[in-house]
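To keep things clear, I will list the structure first and then write my remarks on it.
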């Protein structure tokens, strides 16, 4: 290695040290005079903005959790109401079904009774017509047999008594 170079690196040049110190002092003076306050203000503003953002995020998180809790509560209430409505609708449907079944049963019983009455009336009318026909035939047969004229009212009354007697025997 070259001794001049080695010696130059370790030698202290006081003139250069003084100029570096003056330049550093001037730089520090200018820095504190013009740049230090704006830099500190920018850093404080940045810190405040970050702090505000964190507080806003914490508030938003808290509100979101509250809304989530309220939504879950509302959902449970809606499910309970829905279950209640379904239950009431089922009960109403069962009641309507039972009412319709009961009405249909009552209607069928009424129809059956009306049919029985109609059949009984038809039977009575048929029996009455049969009696009249039998009495007419009996009168006609008796008048042919006897070859004499019988008063139709008298003959009918005789036959009617005869038929009543027969019905009474039954």
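Values quoted throughout were computed directly from the atomic coordinates according to the rules given, and no laboratory measurement underlies them. All values reported here derive from a predicted model rather than from experimental measurement. Methodologically, a virtual Cβ is constructed for each residue, glycine included, from the backbone with ideal geometry; neighbour enumeration extends over all protein chains shown.
Residue separation times 0.36 nm, minus the C-alpha to C-alpha distance between residue 25 and residue 37: what's the value? Write down the numbers at each step before the final one.
On the way: separation 12, 0.36 × 12 = 4.32 nm, distance 1.74 nm.
Stretched fully, the residue 25-residue 37 segment lengthens by 2.6 nm.
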Highest mean first, how do 104-112, 158-166 rank when packing is the count of other Cβ atoms within 10 Å averaged over residues?
158-166, 104-112
Just grab the label-to-label distance for residue 121 and residue 138, each label 7 Å out from Cα along the Cβ direction, in nm (one decimal).
2.8 nm
What angle, in degrees between 0 and 90 and rounded to the nearest 10, separates the Cα long axis of helix 152-169 from the longest principal axis of the Cα atoms of the chain?
60 degrees
Helix-only mean residue ellipticity at 222 nm for the chain, each DSSP H run of n ≥ 4 adding -39500 (n - 2.57), per residue, nearest 500:
-33000 deg cm²/dmol
Rounded to whole angstrom, the alpha-carbon centroid of the range 42-62 lies from that of the range 94-119 at a distance of 79 Å
Between residue 88 and residue 111, what's the calculated FRET efficiency when r is the beta-carbon distance and R0 is 45 Å? Round to 0.05.
0.85
First measure r as the distance between the Cβ atoms of residue 44 and residue 64, then evaluate 1/(1 + (r/R0)^6) with R0 = 41 Å and state the FRET efficiency to the nearest 0.05.
0.85
Tell me, in nm to one decimal, what length is gained between residue 157 and residue 18 on full extension, where the rule is 0.36 nm per residue of separation less the Cα-Cα distance?
33.2 nm
Once Rh is set to the Kirkwood radius over Cα pairs, what Stokes-Einstein translational diffusion coefficient, in µm²/s, holds for the range 43-93 at a temperature of 37 °C and a viscosity of 0.692 mPa s?
232 µm²/s
Give me Rg/Rg_expected for the chain, where Rg uses Cα atoms only and Rg_expected = 2.2 N^0.38 Å with N residues.
4.07
